[in-house]
Amino acid sequence: TYSGAVTLGNSATIGGTGDITLSSGLAFGTRTLTKTGSNNLTLNGAATGTGGTTINNGTLTSGINGALATGAVTINDTAGGTATLDLNGHNQTIGALTFGGTGTGATNNLNIGSGGTLTLGGNVTYTATGNPFGSTISGGTLALGATRTFTINDSTNAAEDLVKIGRASCRERV
């Protein structure tokens with residue numbers, strides 16, 4: 001557990017096998033946070049900035065509303081295992097959302113969690129490069145907010161490429 005302020009002066013990679021908790025919010029600016037390793041990284045402070053977040057392995061868990069910057073999120077297992085973003089029932093606003101995976105055993109998950117809302121500011125893409133297993137968006141509410149495009153490519157290893165379990169909402173403009 002680390003409780004001091006963390007400012008990303010450059011893009012940063014955090015990973016390993018032991019679980020890590022950051023108690024203060026990350027100051028992203030326009031930089032990117034990349035989560036690697038099979039461990040769990042928990043963010044317990046509200047983030048600032050418009051930078052992106054990439055989860056390449058293991059789990060990134062939100063411990064508070066707005067734990068991530070508002071940029072694009074990529075959930076893209078690169079180790080043939082599972083990459084997960086777990087909002088843990090908290091609210092989060094992001095830009096675009098991309099699921100991928102570079103190996104045939106790659107599985108990518110987004111758990112919004114009961115009572116949580118993920119508000120999208122961009123489109124959703126499921127890439128099939130490397131023929132990963134399918135990806136899942138589960139729990140909570142996926143709030144589209146405006147017209148969004150879902151681009152879902154076909155992986156020969158996935159029975160279902162992208163599955164949304166739970167509620168999705170959008171508002172219609174007249």
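Observations
- Annotation: amide H of residue 111 within the under-5 Å range of 85, 86, 87, 138, sequence separation 5 or more or interchain, hydrogens built in the peptide plane.
- Solvent-accessible area, 1.4 Å probe, carbon plus sulfur percent, for the chain: 48
- Given the alternatives (i) -1.23; (ii) -0.89; (iii) -1.02, log10 I(q)/I(0) by the Debye sum over Cα atoms at q = 0.16 Å⁻¹ as computed for this entry is given by (ii).
- Counting only protein heavy atoms and a 1.4 Å probe, the chain has 44 square angstrom of accessible area per residue.
- Computed over region 83-131, the range of Cα coordinates on each principal axis works out to 33, 20, 9 Å, biggest value leading.
- Euclidean distance of C-alpha centroids, region 83-142 and region 5-70, integer Å: 16
- Size of electric dipole in the chain: Cβ of Lys, Arg +1 and of Asp, Glu -1, about Cα centre, debye, nearest 20: 420
- Rg over Rh, two decimals, region 125-174 (C-alpha only, Kirkwood Rh): 1.06
The values are calculated or read from the model by the stated rules, or taken from the named source; none is laboratory data. None of these values were measured; they are calculated from a predicted model. We place every Cβ from the backbone using ideal geometry, glycine too, and count neighbours over all the protein chains shown. Protein only, heavy atoms only, side chains kept; ligands, DNA and RNA dropped before computing areas. Shrake-Rupley method; radii C 1.70, N 1.55, O 1.52, S 1.80 Å.
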